[in-house]
Structures are given as structure tokens and as C-alpha cells.
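Nothing in this text is a laboratory measurement; each read-out follows from the coordinates by a stated rule. These numbers were taken from a predicted model, which means no experiment stands behind them. Note that we place each Cβ from the backbone using ideal geometry, even for glycine, and neighbour counts take in every protein chain shown.
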Amino acid sequence: MLRSTLLAASRSPRVRAIVESGPFDPLVSRFVAGATAADALAVARVLTVDRLVTLDHLGEDTTERPQADANVAAYEHILALLGDTGLAERVEVSVKLSALGQSLAIDGDKIALEGARRVCAAAAAVGTTVTVDMEDHTTTDRTLDTVRELRVDHAWVGAVVQAHLRRTEADCRDLAGPGSRVRLCKGAYDEPESVAYRDRAGVDASFARCLRVLMAGEGLPMVATHDPRLIELARTLGRDRPYELQMLHGVRPSAQRALAAEGETVRVYLPYGTEWFGYFMRRLAERPANLTFFLRSLLGRG
Ligand SMILES: Cc1cc2nc3c(=O)[nH]c(=O)nc-3n(C[C@H](O)[C@H](O)[C@H](O)COP(=O)(O)OP(=O)(O)OC[C@H]3O[C@@H](n4cnc5c(N)ncnc54)[C@H](O)[C@@H]3O)c2cc1C
């Protein structure tokens with residue numbers, strides 16, 4: 001119930017305008033590198049000492065074409081900086097197609113594909129990769145179609161699948177071909193029972209089934225979870241093959257470092273930018289204890 005309320009609020013432009021207008025709350029800084037590309041690079045530089053990084057320029061549900069173009073330009077900018085600073089070897093980027101225009105009323109898919117092509121070209125120019133984040137289930141088919149199109153020129157484009165969707169085991173079979181980079185996560189959006197498992201046991205069992213499919217395939221499974229039991233399962237299934245463990249910046253950082261020290265390839269998803277509201281609300285929804293801290297600090301602003 002609380003999770004659904006928080007996820008509904010995450011898409012409210014009014015709540016977003018009120019909350020984003022305040023200063024960067026300390027709890028926001030736990031999950032978000034900062035407002036600027038320079039903030040992102042500073043945090044990435046520290047993390048890349050023992051881990052890999054995926055940078056995410058925050059933004060989603062863009063409804064204006066100029067904003068979609070600005071988001072593409074922001075990716076081109078950070079990718080050029082990654083090249084200049086030598087970080088491109090250990091840092092890739094993730095994009096949300098809705099930030100690049102997918103939800104525009106006219107030609108949204110075409111505009112997002114063109115934007116994503118520009119981001120991929122900028123990544124190729126500095127020798128890094130791009131992963132296309134997955135948003136709510138109404139966009140799954142269009143997003144996977146776009147990934148397929150992008151892979152014609154750049155086979156390294158990563159796809160994301162969400163274990164809470166009932167369709168995902170079949171998607172994993174489709175995506176487990178040679179060289180295919182696939183991030184498996186539980187899924188952060190509030191989905192109806194008709195398309196998704198809504199109980200923890202159902203989601204976790206689906207995650208385990210999907211993981212087995214990806215680990216038996218010929219691609220690179222990117223196992224995006226903080227769940228210790230699923231991480232152990234990945235390590236067991238992946239004993240004799242390459243894979244990545246992925247976690248969010250600010251979540252279980254000591255476990256991230258410990259896994260890296262044990263020789264695991266660990267990648268940290270690191271968002272930056274001013275449009276942190278939707279991302280942040282999803283983090284609150286995952287762990288309601290975070291909400292108590294946040295409300296206390298909002299009230300304390302007086
Ligand atoms: C690298 C990465 C990329 C992702 N990309 C996408 C994407 O493209 N699309 C999408 O829908 N979702 C994405 N997600 C989010 C994902 O779907 C889950 O919502 C999120 O990871 C929480 O699920 P969990 O697997 O960690 O398991 P949970 O069962 O939710 O959590 C396991 C444990 O991790 C810790 N934990 C988890 N979340 C938090 C938090 N917010 N704050 C504090 N502790 C926490 C707690 O200790 C918890 O007990 C991504 C996640 C990661 C790690």
C-alpha cells in the first residue's frame with residue numbers, strides 16, 4: 001500500500017516540483033552523486049578504484065522535445081568527459097528512453113531511437129558501452145525493439161529485464177545469445193497482478209529462474225540486486241563463466257567493497273543531475289525506513 005502510494009507520487013509533477021525545489025537533502029545525496037557532471041565524475045573516480053560504474057543522467061517521462069534533445073546532449077557531454085579523463089575504461093552510461101523522448105505524443109519511439117543512436121555513437125567514440133534502462137511494463141516491447149535496432153550497429157548495447165514481470169523468463173531466453181549484455185533486476189515500478197508477480201516470494205523465484213536462463217546462455221549476465229541470497233545464487237551459477245554483480249550507489253556499499261575485494265566484478269549504478277525526484281521516490285518505496293528519515297529532514301527544514 002505504502003509502496004504503491006510512493007510510486008504513484010513519484011509520477012506526480014506537482015509533488016515533484018515542490019520536492020525538487022528544495023536543497024539536496026542528505027538522504028538524496030546518499031543515492032545521487034550530485035547535480036552536475038563534475039559531481040558525477042568526482043564520485044565515479046573514487047568508486048572506480050575497486051569497482052566499475054554505470055552513470056545515469058537523471059531524467060524521465062520527458063514531454064517536451066527540447067528537453068529530450070537536452071538530455072541527449074548531456075549524455076554526449078559526460079561521455080566526452082569520460083574520454084578526456086581516462087574514466088571510459090571503467091565507466092559506462094545507462095539511458096532511460098522516456099528521457100530521450102519515448103513518451104512524446106508524436107513520433108516518440110523514433111525520436112528516442114535517434115537520441116539513443118547519438119548516445120551510442122558518443123560511447124563508441126570513447127570506447128565504452130550503453131545500457132538501456134527498463135521502465136514500466138507499457139514500454140517493455142518498445143524498449144526491447146529499440147535495443148534490437150541499436151544492436152545492429154553496436155552489439156554491446158545492454159538490455160534490462162525485470163524479474164517481477166511474468167513475461168521476463170521468456171525475454172531472457174530471447175536475449176541470452178552470444179555477446180548479449182543483459183541486466184536482470186527485480187523491477188522498481190508498480191505493476192498490476194495481470195502482468196507481474198506482486199509478492200516477494202513470486203518475484204524472487206522468478207529472479208532465480210531468469211538467472212538460470214541467463215547463466216546457461218552465451219551472453220553477459222549483469223545481476224542487479226542487493227539481495228544476499230540471489231547474489232550467492234549468481235556466484236554459484238556463475239562459477240565458471242563471466243558475469244557482473246551490479247548495485248545502486250548508496251545501497252549496501254560495504255557489501256559492494258567486500259565482494260570486489262573477493263574478486264567479483266562489481267558495478268555501481270551512479271545517478272546524477274537535478275531531476276532526482278522519480279529515482280529517489282523509487283528508492284524510498286523499496287525501503288520504507290528511508291521514508292521516515294526523509295520526512296524528518298523535510299520537516300526539519302522549517
Ligand atoms: C544496477 C541496478 C540497475 C537497476 N536498473 C533498473 C531498471 O532499469 N529498471 C527497474 O525497474 N529497476 C531497476 N533497478 C531497481 C531494481 O528493480 C529494484 O527495485 C532494486 O534493486 C531493489 O531490489 P533488490 O533486488 O535489491 O531486492 P530487495 O528485496 O528490494 O532488497 C534486498 C535488500 O537490499 C537492500 N535495499 C534494497 N533497496 C534498498 C534501498 N532503496 N535503500 C536501502 N536498502 C535497500 C535492503 O537491505 C534489502 O533488504 C536496478 C537496480 C540495480 C541494482
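Starting from the Cα gyration tensor of the range 42-188, take the square roots of the eigenvalues, sort them a ≥ b ≥ c, and report rounded, prolate or oblate (rounded when a/c is under 1.5, otherwise prolate if a/b is larger than b/c, else oblate). The shape class here is oblate.
Could you quote the convex hull projected area for the range 205-302, Cα atoms only and averaged over all directions, in nm²? Present the calculation step by step, with values, prior to reporting the outcome.
Numbers: hull surface 31.8 nm².
Answer in nm², one decimal: 8.0.
Helical runs (DSSP H, four residues minimum) scored at -39500 (n - 2.57) apiece and divided by the length of the chain put the mean residue ellipticity at 222 nm at -16000 deg cm²/dmol.
Loop only per DSSP, at most 11 neighbouring Cβ atoms within 10 Å: give me the trypsin sites (Lys or Arg not before Pro) in the range 1-57, ordered by residue number.
Working: sites: Arg3, Arg11, Arg14, Arg16, Arg30, Arg45, Arg51; in loops: Arg11, Arg51.
Filter output for the range 1-57: empty list.
Across the options Gly83, Thr63, Gly202, the greatest Cα extent toward the positive end of the charge dipole of the chain (unit charges at beta carbon of Lys, Arg, Asp, Glu) belongs to Gly202.
Here the label points at His154 and Ala70, each 7 Å from Cα along the C-beta direction, are separated by 2.3 nm in the simple model. Loop-located trypsin sites (Lys or Arg not before Pro) in the range 241-302 (DSSP state other than H, G, I, E, B) with a sparse environment of at most 12 neighbouring Cβ atoms within 10 Å: Arg301.
Explain nothing, just the number: dipole magnitude of the range 102-247 about its Cα centre with +1 on each Lys and Arg Cβ and -1 on each Asp and Glu Cβ, in debye rounded to the nearest 20.
On the way: 20 positive and 23 negative charges, 101 e Å.
Roughly 480 debye, rounded to the nearest 20.
Beta bridges from DSSP with both residues in the chain: antiparallel share about 5 percent, rounded to the nearest 5. Annotation for Ala261 and Asp84: the two label points, set 7 Å from Cα along the Cα-Cβ direction, are 3.6 nm apart.
Which distance in Å, rounded to a whole number, links the C-alpha centroids of the range 241-288 and the range 84-159? Cα centroid of the range 241-288 versus Cα centroid of the range 84-159: 20 Å apart.
Rounded, prolate or oblate: which one fits the range 1-68, using the alpha carbon gyration tensor with axes a ≥ b ≥ c (rounded when a/c is under 1.5, else prolate when a/b beats b/c, else oblate)?
Details: a/c = 2.01, a/b = 1.58, b/c = 1.27.
In terms of gyration-tensor shape, prolate.
Just so you know, the averaged projected area of the alpha carbon convex hull for the chain sits at 14.8 nm². Modelled this way, with points 7 Å down the Cα-to-C-beta line, the labels at Arg167 and Asp141 are 0.6 nm from one another.
Let me check against my output: what whole-number percent is the relative contact order of the range 1-111, with C-alpha pairs under 8 Å and at least 6 apart? Mind showing how you got there, number by number?
Working: 86 pairs, mean separation 29.0, N = 111.
Relative contact order here is 26 percent.
Mean separation of Cα pairs under 8 Å and 6 or more residues apart, divided by the residue count, gives the chain a relative contact order of 25 percent.
Is the shape of the range 124-256 best called rounded, prolate or oblate, per the rule: a/c under 1.5 gives rounded, else a/b larger than b/c gives prolate, else oblate, with a ≥ b ≥ c the square roots of the Cα gyration tensor eigenvalues?
Working: a/c = 1.45, a/b = 1.12, b/c = 1.30.
In terms of gyration-tensor shape, rounded.
Longest span of the chain, sites excluded, free of GluC sites (Glu not before Pro) in DSSP loop with at most 16 other C-beta atoms within 10 Å? In short, 65-192.
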